[in-house]
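Student: Shown below is the structure under consideration.
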Amino acid sequence: MLRTALPAFLCLITFSGCSLLPPRISTGSRAFISYWPTKTGDKRLRLAVKDNIDMQGVVTTAGSGYLLKHAPPAKKDAACLAFARQRPEVQIVGKTNMSEFAITPSGFNDYFGTPRNPYRHLWSRIPGGSSSGSAVAVADDLADVAFGTDTAGSVRVPAACCGIVGLKTTRGLISLKGVYPVDALDLDTIGPMGRNVAMTVRGMELLQSGFAARYAAAQARQPDAHRIRVGRLMLKGTNSHVDEAIDAALARAGFRVVRMPDSFRDAWEQAKKDGNTIAAVGTWLSYNKLGGMTGITTRTKNAILVGRALYGKGYWEALGRLRVWSHTLQDTLHGVDFIALPTLQSTPPLMTINLRIGVMDARVLILQNTVPVNVAGNPAVALPIPLQHADFPVTSLQLVGRLKSEAELLNAGRLVERALGMGGQAPPAQ
């Protein structure tokens, strides 16, 4: 799944697959696969959980009709739910919809139905994936916080498409035990999503005990942006209005901004190609045994076949470059506190006729600027910021931080929110 994978997607369009009839979804936005709404007046924090995360007694569908039909209920919770279960002030309100097996970045789901982007009153847009339902649940105020998984951008891309905050955590910080994998060894992570930074902090506290104290300490160390040094990464192919919005947000916040050299941009672009290759092959390695099963969608089968095709075409070379890229990013972050760039190169693509073969997913792979962070293992946050002179009201600023700098990243996000007055604005009424 890299830029060179686009021809592979296109040449696989003749493959076909069978789908089961979709079940009835209990929310109009299709955000949930299983939904347990709170009662009126219940003040507990509403937590939504992506449905590739095990929950005791509930079938983990991973967005797949095949697993809904054939998988038994989970015997116990995934490890990442342990802290949430201990909190009486938290109510789990459902398992969220997602791209099948967390594979594709459009957010389409051909079995359960595609979650509806909250800005749909303007034009129908993709919700982004694979944590599409988690983003829509938060944006539509069906949940206060949601857990997602991020392999190549699957928290940050839907956050960008739906105008919310999404945090990709440091690789290995949160246990993946009990989570359906894409590439658990090199790329997979779990992270929180919230309408604003404050809610995302609460979500992170449910994943890592004591995080709220670390966030408060980060606020005390950096109460304003003037001493924070941000490296601005300019990438080819970015919509000019998106770049202007990113620059305006950084200036309004008051960061000390320096432009990253072209050599770093070139290294980033190579890491994007390598990361997409590794993610694609990881998909094949994780799910190749299911690729021929009746009930797996054509879109997913095609993605698995792409991974198989790429396994012998650059995969080992991409793995060999991982360490070099990681050192490059860590060394660069010794000179700046964060790296800033758009989460997506443009506004979310319009929903088109769903051919169910992966063409939209190939397009989103090109538009997203997320996978180099997964390859290196660093954390990153996607923040909604206003977009002027465009047909969509928001875009997304991505800040990349040092390893285990989640508290500092969210504090920087707080400073951006404060400067822009963005702290959790809802999409306009439908």
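The values are calculated or read from the model by the stated rules, or taken from the named source; none is laboratory data. Values in this document were obtained by computation on a predicted structure and should not be read as measured data. Methodologically, a virtual Cβ is constructed for each residue, glycine included, from the backbone with ideal geometry; neighbour enumeration extends over all protein chains shown. Areas reflect the complete protein model, heavy atoms only, side chains present, ligands, DNA and RNA absent. Shrake-Rupley method; radii C 1.70, N 1.55, O 1.52, S 1.80 Å.
Student: Place the peptides 377-390, 37-50 in order of packing, highest mean first, counting for every residue the other Cβ atoms within 10 Å and averaging per peptide. Mind dumping the intermediate values first?
Tutor: Details: 377-390: 22.8, 37-50: 16.8.
Put in order of decreasing packing, that is 377-390, 37-50.
Student: First compute the accessible area of the range 235-340 with a 1.4 Å probe, then give the percent of it belonging to carbon and sulfur atoms.
Tutor: Exposed carbon and sulfur together represent 51 percent of the surface.
Student: Among the listed pairs LYS43/LYS69; LYS177/LYS289; LYS273/LYS301; LYS272/LYS313; LYS236/LYS301, which are separated by more than 24 Å between their Cα atoms?
Tutor: Result: LYS43/LYS69; LYS236/LYS301 exceed 24 Å.
Student: If you place +1 on the Cβ of every Lys and Arg and -1 on the Cβ of every Asp and Glu, how big does the dipole about the Cα centre of the chain come out, in debye to the nearest 20? Show your work: numbers first, answer last.
Tutor: Values: 48 positive and 31 negative charges, 97 e Å.
Computed charge dipole of the chain: roughly 460 debye.
Student: Excluding SER99 itself, calculate the net charge of residues whose Cβ lies under 9 Å from the Cβ of SER99, where each Lys or Arg counts +1 and each Asp or Glu counts -1.
Tutor: That works out to -1.
Student: Once label points are set 7 Å from the Cα along Cα→Cβ at both MET234 and GLN330, what is their separation, rounded to one decimal in nm?
Tutor: Roughly 3.0 nm, to one decimal.
Student: Could you tell me what percent of the DSSP beta bridges with both partners in the chain are antiparallel, to the nearest 5?
Tutor: So the antiparallel bridges amount to about 65 percent of the total.
Student: If you don't mind, another one. Report the full-extension gain for the segment ARG120 to ALA184: residue separation times 0.36 nm, less the Cα-Cα distance, to one decimal in nm.
Tutor: Extending this stretch completely gives an extra 19.7 nm.
Student: What FRET efficiency comes out for the pair LYS43/LYS313, r = Cβ-Cβ distance, R0 = 45 Å, nearest 0.05? Before the final figure, lay out each step's value.
Tutor: Values: r = 54 Å, r/R0 = 1.21.
Once the sixth-power term is evaluated, E becomes 0.25.
Student: If you rank GLU244, GLU408, GLU100 by how much accessible surface each has, with a 1.4 Å probe, what is the order from largest down?
Tutor: Accessible-area ranking of GLU244, GLU408, GLU100, largest first: GLU244, GLU408, GLU100.
Student: A follow-up question, please. Given a 1.4 angstrom probe, what's the average accessible area per residue across the range 147-247, in square angstrom? Mind dumping the intermediate values first?
Tutor: Details: 3300 Å² over 101 residues.
Using a 1.4 Å probe on heavy atoms only, each residue of the range 147-247 averages 33 Å².
Student: Along the positive direction of the dipole of the chain (beta-carbon charges: Lys, Arg +1; Asp, Glu -1; about the Cα centre), which of VAL230, ASN196, ALA267 reaches farthest?
Tutor: Comparing the listed Cα positions along the dipole, ASN196 ranks first.
Student: Let me ask something else about it. Under a 1.4 Å probe, what is the accessible area of the range 288-430 per residue, stated in Å²?
Tutor: Accessible surface, normalised per residue, equals 39 Å².
Student: Under a Cβ-Cβ cut-off of 9 Å, what is the net charge of the residues other than ALA382 that fall near it, where Lys and Arg count +1 and Asp and Glu count -1?
Tutor: +2
Student: Please report the net charge: other residues with Cβ closer than 12 Å to the Cβ of LEU420, K and R +1, D and E -1.
Tutor: Values: positive: ARG252, ARG414, ARG418; negative: GLU417.
Charge balance near LEU420 sits at +2.
Student: Turning to a different aspect of this structure: Which of the aspartates and glutamates could a cross-linker span from LYS75 if the Cα-Cα distance has to be under 20 Å and same-chain partners fewer than 8 positions apart are dropped?
Tutor: Partners found: ASP51, ASP54.
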